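The values are calculated or read from the model by the stated rules, or taken from the named source; none is laboratory data. Quick caveat: nothing in here was measured; it's all calculated off a predicted structure. Positions of Cβ are backbone-derived with ideal geometry, glycine not excepted, and every protein chain shown enters the neighbour counts. What goes into the accessible areas is simple: the full protein's heavy atoms, side chains included, and nothing from ligands, DNA or RNA. Shrake-Rupley method; radii C 1.70, N 1.55, O 1.52, S 1.80 Å.
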Amino acid sequence: QVQLVESGGGLVQAGGSLRLSCAASGRIFTSYPMGWFRQAPGKEREFVATINWSGGRSSYADSAKGRFTISRDHAKNSVDLQMNSLKPEDTAVYYCAARRQSSNENYDYIRTHDYDYWGQGTQVTVSS
């Protein structure tokens, strides 16, 4: 079991920014795709962003595109989610996920069942 730990959540006003970080143990973090998902009260967990092993390919949910940026640092064994222009509807618990299964560098893994390891989540609250 790979351990993933998210940090950086908090309370921010609409229009503000937050940077979430995910620290991972083990080597798979540097070898396989990573993703960010979120879950708001009363809603299903939804895809936010994903990044491939090399960091050269990323994909975003329509709601995140243009505002959020996912990045990874192999040296630091971390993946970040920079969130700008935050909206109240971004309020959710944000989860970091890592895929262990064999992966395609040119494929976007956007479903929860594409991932094998999950962090505990970090709360993001955006006030209006």
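Can you find a residue that is in a strand (DSSP E or B) and open to solvent by 60 Å² or more (accessible area, probe 1.4 Å) anywhere in region 20-34? Scanning region 20-34, I find no residue that is in a strand (DSSP E or B) and open to solvent by 60 Å² or more (accessible area, probe 1.4 Å), so the answer is no. Test Ala61 against the criterion of being farther than 16 Å from Cys22 by Cβ and under 13 Å from the mean Cα position of the chain (by Cα), and give yes or no. Yes; evaluated as a whole, the condition is true for this residue. Of the residues that sit in region 81-107 and are open to solvent by 40 Å² or more (accessible area, probe 1.4 Å) and charged (D, E, K, R), which one is farthest from Pro41 (Cα to Cα)? Among them, the one singled out is Glu105. Among residues of region 80-121 being among the charged types (D, E, K, R) and touching a helix residue (DSSP H, G or I) at 6+ places or on another chain (Cβ under 8 Å), the one that is modelled with the lowest pLDDT is Arg100. Before we move on, is Ser63 hydroxyl-bearing (Ser, Thr, Tyr), in a strand (DSSP E or B) and more than 13 Å from Tyr117 (Cβ to Cβ)? Judged against the criteria, Ser63 is not a match.
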